[in-house]
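Notes follow the structure.
The values are calculated or read from the model by the stated rules, or taken from the named source; none is laboratory data. Because the structure is a prediction, the values reported are computed rather than measured. A quick note on method: Cβ atoms are made from the backbone with ideal geometry, for glycine too, and the neighbour counts reach across all protein chains shown.
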Amino acid sequence: MLRIGLIGCGNWSTTIIEEIKNNHNFLLKSVVCRNGIKNNFGNNIDIFNNIESLFQSNTVDCVYVAAIPQINLNVVRNASLRKLPLILEKPICSSFLETKDIINIVNTNNLIILPNISNYFSEIFKKIKEIINVNYERINKIYFYEGDNGPTREKIHPIWDWGFHSLSMLSQIFDLDRMTNLNLKEIKKDINNKKIVSKFSFKFDEHFNIDLVTGNFFKKKIRKIKIICDNQEIFVGDLINHELFNNNKLIFKNKLTPISSLLNDFYYSIKNHDHNLSKNLLKGSCQAIRVLEEFYKC
């Protein structure tokens, strides 16, 4: 069992703590809580008020980072001094240059860092990828829809909260460097320009079009991918309920939550000193941030 530390104590951290407690591979040992809240973590949990104290304590074998992306580069630098594996929540940093810095640190120090691309760690992702590979010549169009009615953050365009996940998943199916005719436009917004829905349009290998609609101004939370083939087959992956349909018929459903799958893959990577998943996900994250930054600075 690996001792794991958690950086962050917001609402999302509560979900992560429950997932860690339900996973027999990890023992939650420490929490960094910079806002002073020190309850609801359970017994025998060390509480730190800064990340340096956690890393200097030598009490953990790995760390899950669930805080603002602006601290991630500093966390990676601290982790590199002690060769500690990390999970980073989205987006992994605030700029393309910072992403390249992270990748350089990872490569130089042979670190394992897994970005939490929740769509990727949904079990239906592999099924979606198989469907696209099998039906590649028959695909007419692919649609991604991902967003919610919030959150709103000052000085952060909503596309950084939602677009990163979809673009990162897209990068694990297609090489974003092979996308052409990239276009982005805002198709819906409120009067304060704080709630926005944006639409990316791509062409892949001059073969078929891909539309990605994402933002924080939907009626309700949505995470779906629709694959339309020329033989009238329509595959729909629901990445909230983790179900996959073929012409409205359910053909697969997740057995594990995405965080559970993430933790299992994290444990496997650490125990087997396997850096392949880390390298693939970091590359995809770097591509996603490059695309986002072309349009909006974080």
Counting only residues in segment 233-250 that are among the aliphatic types (A, V, I, L, M) and in contact with a helix residue (DSSP H, G or I) (Cβ under 8 Å, 6 or more places away or on another chain), the one surrounded by the most Cβ atoms within 10 Å (Cβ to Cβ) is identified as LEU239
Note on segment 181-235: residues of a type in the set (Ser, Thr, Tyr) and either under 19 Å from the mean Cα position of the chain (by Cα) or at positive phi (or both) are SER198, THR214
Given (1) surrounded by 15 or more Cβ atoms within 10 Å (Cβ to Cβ); (2) of a type outside the set (Gly, Ala, Ser); (3) farther than 15 Å from ILE225 by Cβ, ASN272 misses just (1)
The residue from HIS157, HIS165 that alone is in contact (Cβ under 8 Å) with a residue 60 or more places away in the chain, part of a loop (DSSP other than H, G, I, E, B) and surrounded by 18 or more Cβ atoms within 10 Å (Cβ to Cβ) is HIS157
Okay, helices (runs of 4 or more DSSP H) sitting entirely in segment 60-146 with 1 or more residues that are of a type outside the set (Asp, Glu), in contact with a helix residue (DSSP H, G or I) (Cβ under 9 Å, 6 or more places away or on another chain) and within 27 Å of PHE202 (Cα to Cα), I get 96-109, 124-134
Over segment 260-296, the set of residues touching a helix residue (DSSP H, G or I) at 6+ places or on another chain (Cβ under 8 Å), over 16 Å from PRO91 (Cα atoms) and of a type in the set (A, V, I, L, M) is LEU263, LEU277
Exactly one of GLU146, GLU186, GLU137 is farther than 23 Å from LYS220 by Cα, among the acidic types (Asp, Glu) and modelled with pLDDT of 90 or more, and that residue is GLU137
